[in-house]
Amino acid sequence: MDEERAARHLHAIDEVIGLAGEIGVQVWLRGGWAMDFYLGEITRDHRDVDWFAWAEDAPGLAAKLTGRGYQPLPGPPPEQQLDFGRGDVELSFALLATDGDGRVVVGGGPWKGEPWPEGMLDAEPGRLGRLRCPIISPAAQIEIKRMMPVWVPGVPRRPKDLEDVARLQAAMYERRHRQPEVRPGSRTPRS
């Protein structure tokens, strides 16, 4: 694993959290880094840092990022996703909106209005070391990894996605079935 690159990515995550707080906007990690923050460990090298943000917040977010030396990168339609780079750090912000029923949907581009998984933005923040960050829910992470080849024909199912699904499922199972901690001198919980 390239530890120096991971450190630059973590610095960028911390920076994005800080600038989002400065301008009062919400962001959520998605993709591999969201999984790692949920698991509390870095599982592999990451090519980029993927985020979700509200479409209405995109102009302010873009201005802050360019003010910090990030340059816009070509990519999907800008009403769907904003991509930025600085050195070897790439940030991608998929844009969100809500529909008339209050569901979180794709904010723009060819899939505008298509719903994202229910409860996607309801997860507790994840943590890696001292760094806490909003993440999408692990159930949504699993659904997105499983469904992307269906939603976007031509996108291959990658071995890393299958590994991620297995890791997330195992972690979710463990958290659901974790025994309550019993401290010395305390009573054990009754059933």
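The values are calculated or read from the model by the stated rules, or taken from the named source; none is laboratory data. Quick caveat, the model's predicted, so the values are computed rather than measured. Counting neighbours? That spans all protein chains shown, and the Cβs are built from the backbone with ideal geometry, glycine included. Each accessible area value is taken on the protein alone, full model and side chains, heavy atoms only, with ligands, DNA and RNA left out. Shrake-Rupley method; radii C 1.70, N 1.55, O 1.52, S 1.80 Å.
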>> Scan region 102-114 and tell me whether some residue there is without any contact (Cβ under 8 Å) to a residue 60 or more places away in the chain and in contact with a Gly (Cβ under 8 Å, 6 or more places away or on another chain).
In response: yes
> strands (runs of 3 or more DSSP E) wholly in region 72-156 with at least 3 residues that are modelled with pLDDT of 95 or more, in contact with a Lys or Arg (Cβ under 9 Å, 6 or more places away or on another chain) and surrounded by 13 or more Cβ atoms within 10 Å (Cβ to Cβ) - which ones?
Replying inline: 89-98
>> When you scan region 53-69, do you find a residue that is assigned to a loop (DSSP other than H, G, I, E, B) and either closer than 27 Å to Asp2 by Cβ or at pLDDT 95 or above (or both), even just one?
In response: yes
> Which residue pairs have Cβ atoms under 9 Å apart, sit 6 or more places apart or on different chains, and have a first residue in region 1-21 that is at pLDDT below 95 and a second that is surrounded by fewer than 14 Cβ atoms within 10 Å (Cβ to Cβ)?
Replying inline: Met1/Arg44; Met1/Asp45; Asp2/Asp45; Arg5/Asp45; Arg5/Asp88; Ala6/Asp45
>> For region 1-38, give me the residue count where each residue is assigned to a helix (DSSP H, G or I) and open to solvent by 40 Å² or more (accessible area, probe 1.4 Å).
In response: 12
